[in-house]
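Colleague: This structure is in structure tokens; I'll ask about it shortly.
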Amino acid sequence: MISEKKDIRALSKEELRVFFESIGDKAFRGNQVYEWLWGKGIHTFDQMTNLSKETRAHLEANFVINHIHVDSLQKSNDGTIKNAVKLHDGLVVESVLIPTKKRTTACVSSQVGCSLDCKFCATARLKRMRNLNPDEIYDQVVAIDQESKLYHDRPLSNIVFMGMGEPLMNYKNVLEAIDKITHKEGLGMSPKRITLSTSGVPKMIKKLADDEVKFHLAVSLHSAIQEKREQIMPFAKSFHLDDLRESLEYWYDKTQRRITYEYVVWKGINDAREDIEALVQFCKYVPCKVNLIEYNPIDDGQFQQASLEATEAYIAALEKHRIPVTVRRSRGKDIDAACGQLANKQ
Ligand code: SAH
């Protein structure tokens, strides 16, 4: 049931201070409550043990804590863990913990479903139902941090916004969540360990640069030829490669941080010489690196991983032009936790 009471985590620290003053208490209580909510991540008012019983009852009467709830947890045989995360209104998103030798990465969702329509992505078929609130994004990270400590004996080291949704179509909430994740009163993580991955929304990429964000930017490119990109990512009709290029130049001018291009090579779609040449050309505009992602099949075979030779031809061409390139093997495939497979199947 959706409560009529206000979600206390929608209040800023200042608003909490004002609330306490308005009920004749000390403004300082606002700081204490804020610390419980964000620093300690508690789920109930009763856990706020430095507040009197009366104060806790008063909060209970006026507010709710809309905490997420990890509904089910699936473990892959490669150590990857996928969480089905239930939201206060019953909707579900997924987030993933990906352990490697050196790091544990949280892959988090920013929307329920997705605003965009990439043909090769399972999430796109869900359509966008709503944006996640900042606390719903933050909670996914906290839950994965706890799982990382529990199952891998170390805290979370990195975060990627590569789960469900297009983060730049939920700009304000994603940035608010990142603020909390990086703030010392939240998780205190370095923004250098966070990567936001976008399908490429030029206007919002410029806004990121204007807002002087300190995290990394990855762009899902998949083709540097406009007509082809439109075929596989139809929204690209409205977000032209020329505008994307301009926004990336703007980003680099302002931030001096190189961009990562994510790229899947598919058989018969983007595995020809002209595709490789177009990518190499695109990579010359702004300092960047290319991350070749293994394709995770989602359906009837319209999209198929290209041959090893095609991938090697990409690598050779990029290396020849001194463009750093890495190949990312998929993790968690057996539990549908890999890139593009998040679709609330459970
Ligand atoms: N909307 C954002 C973030 C979510 S998708 C974005 O597009 O970047 C995260 C990454 O997974 C993107 O690079 C996306 O292109 C890629 N992806 C989507 N479906 C995939 C699939 N079936 N196999 C491999 N990668 C996929």
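The values are calculated or read from the model by the stated rules, or taken from the named source; none is laboratory data. All values reported here derive from a predicted model rather than from experimental measurement. Note that we place each Cβ from the backbone using ideal geometry, even for glycine, and neighbour counts take in every protein chain shown. Ligands, DNA and RNA are excluded from the accessible area calculation, which covers all protein heavy atoms including side chains. Shrake-Rupley method; radii C 1.70, N 1.55, O 1.52, S 1.80 Å.
Colleague: Is it the case that the range 139-162 has a residue that's outside any helix (DSSP H, G or I) and of a type in the set (V, I, T)? Before the answer, list the steps.
Modeller: Keep residues of the range 139-162 that are outside any helix (DSSP H, G or I), which gives 153-162.
Within this subset, residues satisfying the condition of being of a type in the set (V, I, T) are 159-160.
Looking for residues that are outside any helix (DSSP H, G or I) and of a type in the set (V, I, T), one finds at least one in the range 139-162, hence yes.
Colleague: List the residue pairs whose Cβ atoms are under 8 Å apart, where the first residue sits in the range 312-331 and is in the same structural domain as V286 (by TED's automatic domain parsing), the second is surrounded by fewer than 17 Cβ atoms within 10 Å (Cβ to Cβ) and of a type in the set (D, E), and the two are 6 or more positions apart or on different chains.
Modeller: A317/E277; V325/E319; V327/E294; R328/E294; R329/E294; S330/E294; R331/D78
Colleague: Based on what the data block shows, is L175 more than 14 Å from the chain's Cα centre (by Cα) and at pLDDT 95 or above?
Modeller: no
Colleague: Kindly indicate the residue of the range 142-165 that is within 16 Å of the ligand (Cβ to nearest atom) and over 18 Å from V201 (Cβ atoms) and also surrounded by the fewest Cβ atoms within 10 Å (Cβ to Cβ) among those meeting that condition.
Modeller: We begin by selecting, within the range 142-165, every residue within 16 Å of the ligand (Cβ to nearest atom); these are 158-165.
Imposing the further condition that a residue be over 18 Å from V201 (Cβ atoms) reduces the set to 158-159.
Working: N158: 19, I159: 27.
Checked the range 142-165; the qualifying residue surrounded by the fewest Cβ atoms within 10 Å (Cβ to Cβ) is N158.
Rundown of residues vs (1) among the charged types (D, E, K, R); (2) over 23 Å from Q302 (Cα atoms); (3) touching a strand residue (DSSP E or B) at 6+ places or on another chain (Cβ under 9 Å), yes/no style:
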residue	(1), (2), (3)
L168	no, yes, yes
H183	no, yes, no
S190	no, yes, no
L196	no, yes, yes
K207	yes, yes, no
E212	yes, yes, no
I225	no, no, no
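Colleague: Among the strands (runs of 3 or more DSSP E) lying completely within the range 8-127, list those that include at least 2 residues that are in contact (Cβ under 8 Å) with a residue 40 or more places away in the chain and open to solvent by less than 30 Å² (accessible area, probe 1.4 Å).
Modeller: On the way: elements: 69-75, 81-86, 92-99, 104-107.
Qualifying strands (runs of 3 or more DSSP E): 81-86, 92-99, 104-107.
Colleague: If you don't mind, another one. Just the residues that are within 15 Å of the ligand (Cβ to nearest atom) and surrounded by fewer than 19 Cβ atoms within 10 Å (Cβ to Cβ), please, taken from the range 299-310. Explain how you work it out, then say what you get.
Modeller: Taking the range 299-310 as the starting set, the residues that turn out to be within 15 Å of the ligand (Cβ to nearest atom) are 299-306.
Selection gives D299, D300, G301, Q302, Q304, Q305.
Colleague: Sticking with this one: List the helices (runs of 4 or more DSSP H) that sit entirely inside the range 198-282 and contain at least 2 residues that are hydrophobic (A, V, I, L, M, F, W, C) and crowded, with 20+ Cβ neighbours inside 10 Å. Even if it seems obvious, please write down each step before you answer.
Modeller: On the way: elements: 202-210, 226-232, 241-255.
Answer list for the range 198-282: 202-210, 241-255.
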